[in-house]
Each structure stands twice: as structure tokens, then as C-alpha cells.
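The block underneath contains the structure these notes are about, expressed in C-alpha cells.
Just so it is clear, none of the values below were taken in a lab; they were calculated from the coordinates. Bear in mind that the values here come from a model prediction, so they are computed numbers and not experimental data. Methodologically, a virtual Cβ is constructed for each residue, glycine included, from the backbone with ideal geometry; neighbour enumeration extends over all protein chains shown.
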Amino acid sequence: MKRIYVNEKWCLGCHLCEYYCAFANSGKDDMVKALKNITIHPRIRIEEKNAVSFAVSCRHCTEPLCVKSCITGALKAVDGVIEIDQGKCVGCYTCILACPYGAVSPSPDGVIQKCELCVQRGGSPACVTGCPNQAIVFEER
Amino acid sequence: MKYVIIGNSAAAVGCVEGIRSVDREGEITVVSREGHHTYSRPLISYLLLGKTDREKMKYRPDSFYSDNGVRFLPGRAAVEIDPAGKTVTLDDGACLPYDKLLVATGSHPFVPPIEGLDGVENRCTFSSLDDALALEALLTPQTRVLILGAGLIGLKCAEGIAARVASVSVVDMAGRVLPSILDETAAALVQKQIEKHGVRFFLSRSVERFCGGTAVLTDKTQQDFDVLVVAVGVRPNVELVQKAGGAVGRGVTVDERCATTLPDIYAAGDCTESLDITTGERKVLALLPGAYMQGEAAGVNMAGGEKLYDRAIPMNAIGFFGYHMITAGSYDGEEYVVQKGADYKKLVTGDGVLKGYLLLGSVERAGIYTALIRNRTPLASVDFDLIKEKPQLMAFSKTERLRQLGSRR
Ligand SMILES: Cc1cc2nc3c(=O)[nH]c(=O)nc-3n(C[C@H](O)[C@H](O)[C@H](O)COP(=O)(O)OP(=O)(O)OC[C@H]3O[C@@H](n4cnc5c(N)ncnc54)[C@H](O)[C@@H]3O)c2cc1C
């Protein structure tokens, strides 16, 4: 299965992945309208310090601790993609306690949001296609 | 292969999924005293709060039993295990043969002997969907509720009903709320938050006796109430294993493969005691994630695979009225504490590893801390100043990060 992998050597720390992610999950078709004057809540996040930067998003683990820990059954693996049913999630944050990568986060309305590899959109995830330097790739490893 | 599972909650579901990851064919029978489709026990307070409903609180979809080829026997209780004949007898006299058996019977609420308790008309516990429905049926906007116990279950109950009743009072012998997971500073912050929603606390005292709808506390003050909720703790359901001759400590004794001391009988979840790797003590870690993972490991092993459940730690993620806390591990060791208003953080280190942590308010990315504890990562191999600042992968070496973000996990 294809997953997102990060090559920190190539990361420019430009944060474009965060914007493309927020846009892809906004449900809007105009990027400016979707993001202008809005605090974005992307599912991929850049960590940066001095000259080092890299993007972090869900690893879609084969042994997903978040899924196993989820107290409601809202998190599940669908063909290897870890998906969240936001209608079922009550925002207890047990998955935040469990994820070793810090890759699940509360959405503005309190329930959990996470990278779902843009499965609804199809094709490569938006962060990958939007990365200007191929620091984020979508491949089989 | 014939598998029988006693119980139908997190550990049982983990076991079904564990068995099916190895064996698609064997016959699985699930026996459940509760008559419901598998549901998320922690959600009973959210049900009263209106944050979930009967449909959404199902722990697995309606098709769970048929998808997994499970024969589901709801509303039936196992009354005896015969380890020599390898059978389980049910309350209706039926006798189920097994090749491998899982005991996932969970726990039951402890009701302490208090003078006059039997004379209290409206009395509930808060551990099951039926408990929650029974409590709900007693609630009106005029109801005064008295909750015995300021632990996780008592406080979750308080949160669930606070807006629906006239008053909620909580009595606990301990001097602070959530004494098993919070220190004094954190407990005071949480108590204040809950008090904002009208819940009143009577700590450091217990009920001496009940006279109908009046509780006389040990400090001789009195509390009048209409409904009493007893939530002072739970006890593991160990009787079936004990009667069959299996070893029982605080809970059912199991090894890392989740096997009991009886042949072909496994146990998982709240009915067992596990080894807390942060203290080396065996205790009952009554937690849903642990129950699922232990059940899953048991299932894999029952089906002939190999999976160890050997990294148990106490851990909790919980919130009250939007105020969140995440805690893990144990608190014996050197402390690093930061407090900024309602945000509170405590990290505890010892023997060169992170032993435990407590986050209140800001809990983002806490799992990075949890992983340090579970993996017993030597702190010498990470930048601990960065870890202290916040949970972040930047604290790891480039090589470790490449492993985490650049390879299949
Ligand atoms: C109000 C509340 C809030 C909670 N909140 C949290 C939380 O936020 N996070 C967390 O991690 N945990 C929480 N917990 C704890 C969590 O619910 C348990 O850790 C978890 O349910 C344990 O799962 P289990 O499968 O071991 O047992 P249980 O869920 O206790 O299930 C055991 C099942 O076995 C059945 N059974 C018992 N004996 C027999 C028998 N002889 N024959 C047939 N069936 C039998 C019972 O009817 C029951 O259905 C909470 C619990 C409560 C009550």
C-alpha cells in the first residue's frame, strides 16, 4: 500500500503542505476562499528548529495503536488507511495518548481529525502534490 | 478449532479480531451476560450527556458478529468452567465445549457495606448501559443526586447528568478528586472546572450511614438526596477462573501470552492483573485500550500465533466539560513541572527513562511521551530539553526520525 514518506533533507520548511492539506479538507473548490483570513487546522504539521524541518502526518501503521486504543470504535483501518468516523468520535483523546508520532489532533469542533491520505479526493494526497521540493512523497515501501 | 469467549466488551472484541487475523475458519462463540450488541462502556456518560446515542455507541458495526463468523449468545451467563472436560456451563444449563477459552468477564462495581444503604430507595451503580438507562429513568430537573466516589466513574457520571438535574454532590474519602491519576495541583484545577458546572464536592469524608434519603457524613453534616450513585470502585470478575482452580491475585493471573495457569484457558481485560512496567508491580489496570490489546494478543495466541502483551502501563485520557487531561506511567522519580494558568505539565524521570507524565489543558501530541515510557527509551538518546518543552519528534536523532517518518511503520 502507498503511504506518505518524508525526506527531511529536502524539506524547505515552507509550510505549503499544511495549506494544501487544509484546502483539500475544506470541502471548498477555491483555495483563496477556503483559506483567506482563517486559522488553518491541517492534518499534516511541520516541525522546525534551526536549519531542520520536516512534515509529520499519520503513518498509517500496520499495528495502529490509535485504532486499538479508540474507546468508541470511531477509528478503524479500511484497506490499510486509518480513518476516523467523526460522527462516532466523542473527543476523549485516547488516540492522542496512544499515537507515538503525535499525528492525530483535535479539530476545531473537538472531535479528532487526521490524515486519511486524501482517499475521498483520489490520486496523490494534496500535501504530496503541493510540495515544491519532493520532501513528501507517496510511495510503496 | 472451537473458541469460546466469555464476555462481549473490549477484551472480547480484541480476541475475536486477534483470532481472525490468524484463523478464518475456527468456530467462535461469544457468551454475554449483557443482552446488548457490543458497546463502548465509557460512553454511558456521554449517552446521558447527549453526545452520543445508542447507535453510535456501538463499539463495532452491526455486522460485527456475522462478518467474523461469530455465534453470539446475548443475555446468557457462564456459571462454570470445567477445565478437565473443557466445557463451559451456561445459566440455562447449556454446555459449550471448547478447545481454547477466553475469560473476558471485566469487573463489577464494588458496593461498600454502609449502615442503611439497603434502605435507600433510588440507588444505582454506573458501570453498564443498563445502569445508565436505569439512572436516566430516575432523573428530572428537580432531582438531587448524591454520588459516592470522586474517581473516574463518579466524575464522568457527574458530568453526564449535571445539566439535567437540580444538584449533584460528590462525596469521597480521599482529599482530592481522581486521586489515582492526578497530583494535588492537577486535582485542584480539575475540581474547580467541575465546580463551575454546579457540582459540589465533599472530600476527605465518607458516608457514616443513610437514613432513607439523607446521608450522614463522617463529619456529622447531612446531605439530602433523591438518587444515590455508588461509584467507589470496581472489582475484577475472577470467580469463574478461581472456582476452576486457576491462580488469582488482585485479578486473574496471566502470563505475557495472556494464558492463565489452567491449560487452554486465557484471560484478558479488566478481570486480569498485569505487570506495570513503570513500577514492576502487578496490578489491575482497568483500561479500555489495554483490554483490547490484551484480548487481541490472547486471540492470536489461542489461534496458534505468537503475540506478547508485555508493555502495559497505566494510562488515561479523559476530559470534563471540555477540560482535558492525559496521564501515563507512574509518578515516583525526579519531577519536572510547569504550570501556566489551566495548563499543567509534569514529567517524571528515573533510571534514565521517562517514568510518567501528566498533562492538563494542552494535551497535543502526548503519545510521543507515552511511547518514550512504553519503549523505555534511554533519555540519553534524545534531546530531553526539547522533550520538556513539548512532545516533538525533533527531540530524536536524525536516524531515528528517518525510521519513524521514512519507513513503513
Ligand atoms: C463510566 C465508565 C467510564 C470509563 N471511561 C474510560 C475511559 O475514558 N478510558 C478507558 O480506558 N477506560 C474507561 N473505562 C473502563 C473501561 O470501560 C474498561 O476498562 C473496559 O470496558 C474493559 O473491558 P473488558 O472487556 O475487560 O470488560 P468489560 O467492559 O467490563 O466487559 C465484561 C463483559 O463480560 C460480561 N460478563 C461478565 N461475567 C460474565 C459471565 N459469567 N458470563 C457471561 N458474560 C459475563 C459482562 O456482562 C460484560 O459485558 C470506563 C468505565 C466506566 C464504567
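General remarks:
- The charge dipole of the range A:60-114, taken about its Cα centre with unit charges on the Cβ of Lys, Arg, Asp and Glu (plus for the first two, minus for the last two), comes to roughly 100 debye.
- Each 20 Å bin from 0 upward holds the following percent of the Cα-Cα pairs of the protein assembly as shown: 20, 52, 25, 2.
- Note: relative contact order over chain B, using C-alpha pairs below 8 Å and six or more positions apart, is 15 percent.
- Whole-Hz ³J(HN,Hα) from phi, Karplus 6.51 cos²θ - 1.76 cosθ + 1.60, for the range A:28-37, glycine and proline x: 9, 10, 10, 5, 5, 4, 5, 10, 5, 6
- Note on the range B:28-173: antiparallel DSSP beta bridges, both residues inside, total approximately 45 percent of the bridges counted.
- Ignoring lysines fewer than eight residues from B:LYS196 along the same chain, the ones with Cα atoms less than 28 angstrom from its Cα are A:LYS88, B:LYS51, B:LYS156, B:LYS220, B:LYS340, B:LYS345, B:LYS346.
- Per-residue mean of foreign Cβ neighbours for B:291-297 is 2 (Cβ atoms of other chains, 10 Å radius).
- Under 13 Å from the B:MET173 label point (7 Å along Cα→beta-carbon), backbone N, the range B:188-214: B:204-208
- DSSP beta bridges in the protein assembly as shown [antiparallel fraction, %, rounded to 5]: 65 percent
- For chain B, excluding the exposed loop sites themselves (GluC sites (Glu not before Pro), DSSP loop, at most 11 other Cβ atoms within 10 Å), the longest remaining stretch covers B:122-305.
- Here the scattering of the range B:331-401 is modelled by Debye summation over its C-alpha atoms, one equal scatterer each and no solvent; at q = 0.24, 0.27 Å⁻¹ the log10 of I(q)/I(0) is -1.13, -1.40.
- Normalised by the number of residues in the range A:1-123, the mean separation of alpha-carbon contacts (under 8 Å, six or more apart) gives a relative contact order of 23 percent.
- Each of B:MET57, B:MET394 has some number of other Cβ atoms within 10 Å of its Cβ, and from fewest to most they run B:MET394, B:MET57.
- Backbone HN-Hα couplings from phi across the range A:130-141 [Karplus 6.51/-1.76/1.60, Hz, Gly and Pro as x]: x, 6, x, 10, 6, 7, 10, 10, 10, 8, 8, 10
- Neighbourhood charge, 10 Å Cβ-Cβ cut-off, centred on A:PHE138 and excluding it, Lys, Arg +1 and Asp, Glu -1: 0
- Relative exposure of B:HIS37, B:HIS197, B:HIS108, judged by other C-beta atoms within 10 Å (fewest first): B:HIS197, B:HIS108, B:HIS37
- Calculated [222 nm] ellipticity per residue, helices only, for the protein assembly as shown: -6000 deg cm²/dmol; basis is -39500 (n - 2.57) per DSSP H run with n ≥ 4, divided by all residues, nearest 500.
- Integer Hz, Karplus 6.51/-1.76/1.60 couplings in order for the range A:91-97, x for Gly and Pro: x, 7, 6, 5, 5, 5, 4
- Taken residue by residue and averaged, Cβ atoms of other chains lying within 10 Å of the Cβ of B:367-375 number 5.
- Using the Cβ-Cβ distance between A:ASN37 and B:GLU335 with R0 set to 35 Å, the FRET efficiency from 1/(1 + (r/R0)^6) comes to roughly 0.25.
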